[in-house]
1. Could you tell me whether A:L174 is part of a helix (DSSP H, G or I), under 25 Å from A:N26 (Cα atoms) and modelled with pLDDT under 95?
2. I need the full set of residues from region B:738-794 which are within 30 Å of B:G145 (Cα to Cα) and within 14 Å of chain A (Cβ to nearest Cβ), in order please.
3. Within region A:143-155, is even one residue at pLDDT 50 or above and within 14 Å of another protein chain (Cβ to nearest Cβ)?
4. Does region B:682-699 hold any residues that are open to solvent by 10 Å² or more (accessible area, probe 1.4 Å), away from every other protein chain (no Cβ under 14 Å) and in contact with a Lys or Arg (Cβ under 9 Å, 6 or more places away or on another chain), and which are they?
5. If I filter region B:700-721 down to residues being within 28 Å of B:G665 (Cβ to Cβ) and open to solvent by 60 Å² or more (accessible area, probe 1.4 Å), which single residue comes out as nearest to the other protein chains (Cβ to nearest Cβ)?
6. Any residue at all in region B:710-720 that is at pLDDT 90 or above, aliphatic (A, V, I, L, M) and either closer than 15 Å to B:V475 by Cα or part of a loop (DSSP other than H, G, I, E, B) (or both)?
7. How many residues, within region B:750-764, are touching a helix residue (DSSP H, G or I) at 6+ places or on another chain (Cβ under 6 Å) and open to solvent by less than 50 Å² (accessible area, probe 1.4 Å)?
Amino acid sequence: MSSRKKVLLKVIILGDSGVGKTSLMNQFVNKKFSNQYKATIGADFLTKEVIVDDRIVTMQIWDTAGQERFQSLGVAFYRGADCCVLVFDVTAPNTFKSLESWRDEFLIQASPRDPDHFPFVILGNKVDLDNRAVSAKRAQQWCQSKNDIPYFETSAKEAVNVELAFQTIARNALAQETEAELYNEFPDQIKLNANDNNRNRDGDNCAC
Amino acid sequence: MWVKPQEVFLKTALWDCDETTLYFVLQRRKGHGKSKGLSSLLVGTLDSVRDTKPAPYRILHQTPNSEIYYVIATALTELEIKQDWQWLFENVSPTLHSFDTEEEITEFVCCKINSLIATEQESFTEDEDTINYKNVDYHFHQRFGMPKDEKLVCHYSCSYWKGKMPRQGWLYLSMHYMCFYSYIFGRNTTLKIRWADVTELVKSNSLLLPDSITVVTRDGEHCFTMLLKKDETFALMQQLANIAMKQLIDDKTGNYNIDKELLTKLSKNVPKKASFLKRDLDAKKQSNLYTLRFRLPQVEKLDGTEECTLWTPYNKRHNWGRMYLSQNFICFDSRVANLVRLIIPLRNVYQVEKADSGGTGSSGESGSILITTSYHTSFLFGNISDRDFIVHKISELLAKLPNDVFREKSGKAVGGQRVEGAWTPQPPLMTLFKTHQTSSIKQIQQKKEKQWEDHMAEVGRGVSMYRTTEGSELVVKGIPESLRGELWSVFSGSILQKVQSKGLYEKLVNEALSSKNQANDEIERDLHRSLPEHPAFQNDVGISALRRVLCAYALKNPTIGYCQAMNIVASVLLIYCPEEQAFWLLATICETLLPDYYNTRVVGALVDQGVLEELTKSQLPDLHAKLDELGMMKMISLSWFLTLFISVMPYECAVNVMDCFFYDGAKVIFQVTLTILDVNKEKLLKSTEDGQAVQILTDYLEGIFNDEAMALSTEPRTAQKTIKIQELVYQSYRMYGANVSSECIEHLRLKHRLRVVRHLEDSLEKNTLRALQQDKLLDANELQELLSVIREELFWAKRVPAERLEAPYEAYRLDYAQFKTIYVALSPWAKGDYAEAITARIFKLMDHDDDGLVSARGLSLAIGLSTRAEAQKRLRALYCAHAPPLLSNLELRSAQLTEVEELADDAISFFDSIQRPSESIQKSISDMGDGQIDKSTDSTYSPDEAIAAEAIRVCALGVPPGASPGTPPPPSPPPALPRPHFLRLLAALHDLTQYSTPLYEAVARAETLLLQLGELRHRPNLDREMSQDSLYLAAAAQPSALEPDRNGNLEEACAQPSPSKDEKDPTEDWSITLEQFLATMLAEAALEEFFSKQVSILPQLEALRQRDRLQSVS
């Protein structure tokens, strides 16, 4: 395992329209905030290299469209995801309520190997705003009820907690990856057309 | 209806005379209307047995001295016959006195009637064909058990391959089904496939099965061969399958007006012959091609075409081609593709004249027509073989134009409303927010403007400009910014819509801005996320205009509402076009150019992804294989299509693609996409994962540049330049322009729509099943079956469009009649005499939002509760269904009133009495079905009652059927049952247990006890909550000998004076709580056992499906 040089993590960001998915991604990758983004149609992605526990990891972050009618189209992007980030807007209770359905939909469509332990991270965004409507406690409770999903309160605008959240995302996804390796011996569980790292890993194994 | 005078001898046999004059008799068929003797009954039966069914009313002509009568008119209704009678009386009778002999009178009458028929019946042609069709139609309905309103379109002789044996027989194509029947060597083969289930239609030609049509459904493949008219059959099948698909899209989204129109048209012409229906469908197809070709409004219906020449003044030539006529337009398209094309709106036509002496040249002299428009331009058509006919036709069309009406109205509307609205439509935003331009770019733009001015000087300006090859070349090079607005509107045809609906935009804006709804909220959120880089949208002027356009459109077309991506497209339109024009351009994009793209399930975009995939497969097979392997074939181009490249290319480049898109239609996006893929093929083939491939394309797209316009983005360009947009567009035409034609796109769209809709339906069903399983009542098998029964049931009924589905099962909603059909067939609770009442109670319990509709979950819960739930839950549900306000005092009272004033309270009561459930409930519910849902609901519950009803539902089910399953039920005590309500509950219990003596006795025992408990309530010092112990004590007490019998109870309840709240009623304090009820009921072992019995509903489901089939046969 230590011989592996490059790791690619595919991260999907989901959540209702207007909660700040694109902004979060851009804040994390480009370290800047702009209020001049177009609404995301279909999907978009950015990559960033991060170091997690002395390992260089390439995060491929997929930003998706939030409007409900696009929800069913996300399927194509979910494939091979290593981690799923669910975002809501702390000033809009509806976006919090939708988390459940985003999570369910993701699990159904992506059908990960181990749905109960698939790494999710919840981000309550826009904490810089005054008109907060979802309390941290309420969000935390929900996260606990869903197998202790890590919860962060972020502000893409003021770069609050964004770095930390994505670090956690990378770490959790990586942990899942390591675990996944154990499963890989079972042929029926090998992901078909899986992302890059699976194939690299196979190559490495041969080289060893 | 006048009929050809025919002699009849028996004047009175089987007929009653209603009115008689000297020369005429008005008769009514016995068995109709007022007369109710035995003989009339007999006649009625005879008629229906013989299936002769003569019209029930007729008028005879007679003369006093003759025994011969002539039937001269028949009618189905009294009103109709009275009209004819009146006409005779006013017009014919007075003149009859002037004749000398009776023979003359008869001759005159017959002659008069014949002439009436002759003038009336121009369109009415009943011939042998009709009779033949009627026969086939009859057999079709009998054989396949079709509902009466199913219409046969055509039938063909062919062979169906069942296994390895071909079966010769008949293929029937109807509006919703394709069927096959053969009867050979005593073997019967029938096949019935619903169009909505077809996933693919293939014309194939293999060695084994030459010249065959294969129909693929979810369940398998069916192969037909030896068709005499294979192409015609196939085309018709395709068309019908697509109508079915569009209906499916439709069902959830609202209306798809064209098909609706066709369908209503069909239903109006019930007895028409097959060829008519077929002809109608053909005509519709032609019209579709016609409107597509000339970008006309979709409702335009092609009238006819004619070979002729068009004189083009700019090159002084006669061009051969075809003239198209329809209600509002004259169009021309040259035989040589793209040479010249012309659209003349009839409203602009000022004069049509024959132009023989024109002397314009050699070929154009004979049969010329000169059309002059009110804008002083004229168009010369020549070589028309039947000129008189064409001129006649055009003047006929002109006469039908309602254009004066339009002009007057719009003038007034504009003047009146501008004052009250607090907004003014904006001019093109680019004129208000000028972006900086360098001098070289200014020069380029000016040069282009000059080119276009020169071009338009030759070919004319506006709708009726000649669309020439030269024009297309100019478009490909990019339209100058200043002319975009005008030319986009002209090329896309949106200008025609704008002109036809003058004033509509203002009206829509005023209405839309004052309403609050989900679409408006979504729009609001996206206003600043549309084209933020343009200064116009960093300002309230642009933002407000965008808001108006989007909100107005959401209101105009609720099937789409607002879809992200529309904001991006609309903002670009606003830059170049005046506001109203931008609105109509958006409408044209959403409805014509990119049909169904932005609806609630983005069906159109999905369809086009399929089309693109197929095109890629045929044009770039190796790349297709690669992209498919990467799993990105389905996703790369979604945003490209939805935003017309605006979100992926630099803005100033995307608008060049839009130039061509408006000129040539959706094919342009396909050819540009293919070109982009083609250019990047090598790189893409080397990519190893989807991210990499997407990156390649993103880099390429961002690197596209345009030297001829200023970049909008002020940020320094980071992407490396890849290709000049003009070059890309030119390449796309050169490489794929010919291979990707509009007709080809349209054809492929038909094909892929089948698959996409099927897929969406399947996933909806899957999601519904998953959601329903969480209730853990019925098992997966039963739910699957139940859902298919529901689907079948809903198929014939109109489905409710759902704007936003809270849960997948909400897509399947049943009204009371549908609910009843299934519930009565499946639930063990709905078996007795009281079944109707129980069903109605349960329906109301499940109808959580009181809209007269219950979702699939409601039904599955209702059935699950009666078959699977624990005894306590079942009893609880029964109890709650009878609790107020679900069972309101009003309903109880109306039950008592029914004897006296049957209909008096129809209007106020939601459900009528329980005594007469079958009629009144259906009545009130069918009323609701007609769109009075809101009113009846309003009158049913006050807000307090609505909350109470909600609480009861929560209590009965744990969760109301509307809430998502899985959330814990909030604890809320159910209300106590007053005596009248309790008696109803008892009646229901009796009904459930009536077939078993021990059960019945157990109920009787429990009932006595409960009635006594209820009496206890009168004692003031008794605690409200009775302890379990005291209940058991009470339960242990033996029922007294005075066991009240069931009917006695009911009568007592009914006999009570109307329990209006004001009076002090003896039953007022009487009540039973849920705890008491449950404890008492469950104390009876027999009852507990009965209510714990696990029942499988699979046999009933199977029976129901069987019965459905049989029922439709009869």
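The values are calculated or read from the model by the stated rules, or taken from the named source; none is laboratory data. Just so you know, these numbers come straight off a predicted model, no measurement behind them. Here the Cβ positions follow ideal geometry from the backbone for every residue, glycine too, while neighbour counts run over all protein chains shown. For accessibility, only protein heavy atoms count, side chains too; no ligands or nucleic acids. Shrake-Rupley method; radii C 1.70, N 1.55, O 1.52, S 1.80 Å.
1. Values: part of a helix (DSSP H, G or I): yes; under 25 Å from A:N26 (Cα atoms): yes; modelled with pLDDT under 95: yes.
So A:L174 passes the test.
2. The first filter runs over region B:738-794 and keeps only residues within 30 Å of B:G145 (Cα to Cα), leaving B:750-751, B:753-766, B:768-769, B:780-794.
The answer is B:V756, B:V757, B:H759, B:L760, B:E761, B:D762, B:S763, B:L764, B:E765, B:K766, B:T768, B:L769.
3. Restricting attention to region A:143-155, the residues satisfying the condition of being at pLDDT 50 or above are A:143-155.
Next, only the ones that are within 14 Å of another protein chain (Cβ to nearest Cβ) stay: A:145-146.
Within region A:143-155, one or more residues are at pLDDT 50 or above and within 14 Å of another protein chain (Cβ to nearest Cβ).
4. First, pick out the residues of region B:682-699 that are open to solvent by 10 Å² or more (accessible area, probe 1.4 Å): B:682-683, B:685-686, B:688-690, B:692, B:694-696, B:698-699.
Then keep just the ones that are away from every other protein chain (no Cβ under 14 Å); that gives B:682-683, B:685.
Within region B:682-699, just B:L685 meets the criteria.
5. B:E702
6. Step one: of region B:710-720, the residues at pLDDT 90 or above are none.
Checked region B:710-720: no residue is at pLDDT 90 or above, aliphatic (A, V, I, L, M) and either closer than 15 Å to B:V475 by Cα or part of a loop (DSSP other than H, G, I, E, B) (or both).
7. Qualifying residue count for the region: 6.
Per-residue answers, yes or no, for (1) at pLDDT 95 or above; (2) open to solvent by 10 Å² or more (accessible area, probe 1.4 Å); (3) within 11 Å of another protein chain (Cβ to nearest Cβ):
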residue: B:H624; (1), (2), (3): no, yes, no
residue: B:M632; (1), (2), (3): no, no, yes
residue: B:I636; (1), (2), (3): no, yes, yes
residue: B:D664; (1), (2), (3): no, yes, no
residue: B:V672; (1), (2), (3): yes, no, no
residue: B:T675; (1), (2), (3): yes, no, no
